[in-house]
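Okay, structure first, notes after.
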Amino acid sequence: MKLWTLTFALVLALPWNAAFATDIDEVRTLLLNGDVDRLDATMSELSKDTEASRIHLYREISDTLFRSSHPTYLATLADWLEQKPSSGTALSANAWAAINNVYLTGSPYGSGFEMPNLHEFQQRWIQSRQRAFELAEQALRTDQRNISAIDAWLFMQRFKPAKGETTHVATRLMSIAPNRQSIRNLVATNVGRAQVRGRAAIDTCHSYANLAQDYNRTLCMIEAAFEHILENDLLDQAGKELAKIDDPRLDTVRFVAENIQGGEKDATALFRLHRSTLARRVEPGEYIGTAQRVAWLTDTPDYVETAHDELSGQLDQWLRDDPLNPRYLLHKSYVLQQRSEYAAARKVWKQALVHGWPDLNLWIIGAMTEFHDENLSEGAKYIEVAAAAAGNKIELLSVHQMFDNAIKKSHSPPQDGVLCLRARIALLSKGLCDVYGQMAGSICRPDHPVFKSVTDTISLVPKNCPRLSETPVSELTFSSTLTKEVAGTLVNIAAE
């Protein structure tokens, strides 16, 4: 449930009216056309409007259009800042673009805002984060009542545990936008930077929740407890309060509560609660993972496929404004692959590589597409990259199992190089199990199917790859230096 801890949700699950759609479409068009002067005038006017629906719209534009991977949007935002460097709206918009770049350069696991594990990727993430800090600070200094600048500044404060004071900004925020979303943003910031997370949530809810219309301290603590997975006593108390309240705004946290505490076994209710999480931009892996749990709880295995289809439809909408989001594209490529639409799957997969090339899972999906399409040798190239990306992590065993299954299912005989690559990964996998032992969990037990596939491959090494039998395991390791240039030698990665 790590996602719920780290996601800073800007989007309220509110129905859109025609005025919202017209306005966001107008800003989208200005970004596509590169019309910096009108963009600055439009956003400056919007930033001064304190009417509730207009504040909501400004947040929606920031989260949907500025926090984006769209190359044209980003080019316009950069031009806007270059031409009007003292514009508070230009600075706040570029702060959100920089925040998204922290996500794109971060670890491909969890929320995306953690530092990558491999040293080679850490420096670019640190630089991205520093850029986001600087722009958020500058935006807030330039326009202290700009709601988007305040939100961006608060977002980045989560990376500064116990440093700096946020009360003055929180007070200003509540004087401008005393609503549920503002309070949820404050909770996310204060919980994210606190040593005692539950205390931070209680203090924030008690200080601000009653200032908002149609919101209160009880609702605030319910959402805080389940969105940030607080201490068990707070979860238990929140669960009891949640059971007393029938409020559709709480459907998303109600689903989280069901995952943690159980209780609801009605299939229709669980399906509805699960689908409610699509109201926000959810991580595909998280959504499918919870779908698998729902399928198990309701004994409805077909629900996982239904969830894939529903998520794919939602991803098409999100990709309109975030077309190079690697996690969205990775899932879309997987779905196309499962439908045997291999050409389309490859096209989407290559788009995902623009930002997602450091991700082990991306190379595995690329390999699977080639294996399904009977391109064993091409898939083996991607498996080697996946093995390098896995490094000395126990995930290498899963890379081997997938590769081994593909070789066994192939209708054409594998080349010696393919067999020896499988053998090399197997020998390294056993070496990892020898080192980690019980710390690796059950996957390294002799009777585990994944480990058994490793030992089966090793038994064939003297016959298929005798040279490897005499090579020390330490000399079999893959280089951990995976760069965009190395990836580009295998696949033509589109320009960023």
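Within region 274-296, being surrounded by fewer than 17 Cβ atoms within 10 Å (Cβ to Cβ) and not in a helix (DSSP H, G or I) holds for one residue alone: R280.
Within region 329-336, one or more residues are farther than 21 Å from Y103 by Cα and of a type outside the set (S, T, Y).
Does region 66-82 contain at least one residue that is surrounded by fewer than 23 Cβ atoms within 10 Å (Cβ to Cβ), among the basic types (K, R) and out of contact with any Cys (no Cβ under 8 Å at 6 or more places or on another chain)? Looking through region 66-82, none of the residues is surrounded by fewer than 23 Cβ atoms within 10 Å (Cβ to Cβ), among the basic types (K, R) and out of contact with any Cys (no Cβ under 8 Å at 6 or more places or on another chain). Within this structure, R424 fails the test of being in a helix (DSSP H, G or I), surrounded by fewer than 19 Cβ atoms within 10 Å (Cβ to Cβ) and either at pLDDT below 95 or not assigned by TED's automatic domain parsing to the domain that holds A387 (or both). Within region 390-405, the residues that satisfy the criterion of being over 11 Å from V454 (Cα atoms) and touching a Leu at 6+ places or on another chain (Cβ under 7 Å) are A390, G391, N392, I394, E395. Selection over region 68-90 of residues that are assigned to a loop (DSSP other than H, G, I, E, B) and within 21 Å of Y328 (Cβ to Cβ) gives a count of 3.
Look at (1) surrounded by 20 or more Cβ atoms within 10 Å (Cβ to Cβ); (2) outside any loop (DSSP other than H, G, I, E, B) and you find that P108 fails only one, number (2).
Conditions (1) more than 20 Å from the chain's Cα centre (by Cα); (2) under 24 Å from L91 (Cα atoms); (3) in contact (Cβ under 8 Å) with a residue 12 or more places away in the chain, marked per residue:
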site	(1), (2), (3)
R129	no, yes, yes
I150	yes, yes, yes
K160	yes, yes, yes
R197	yes, no, yes
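Contact map, region 212-241: residues that are modelled with pLDDT of 90 or more paired with residues that are assigned to a loop (DSSP other than H, G, I, E, B), Cβ distance under 7 Å, separation 6+ or inter-chain. Pairs shown: A212/P178; A212/N179; A224/L230. The set of residues from region 222-256 being over 20 Å from T204 (Cβ atoms) and in contact with a Leu (Cβ under 7 Å, 6 or more places away or on another chain) comprises D251, R254, F255. Counted as qualifying within region 143-262 are the helices (runs of 4 or more DSSP H) with 1 or more residues that are under 25 Å from F133 (Cα atoms), namely 147-157, 167-176, 180-193, 197-208, 217-227.
The values are calculated or read from the model by the stated rules, or taken from the named source; none is laboratory data. What you are looking at is a predicted structure, and each value in this text was computed from that prediction instead of being measured. FYI the Cβ positions are ideal-geometry reconstructions off the backbone, even for glycines, and counts take in every protein chain you see.
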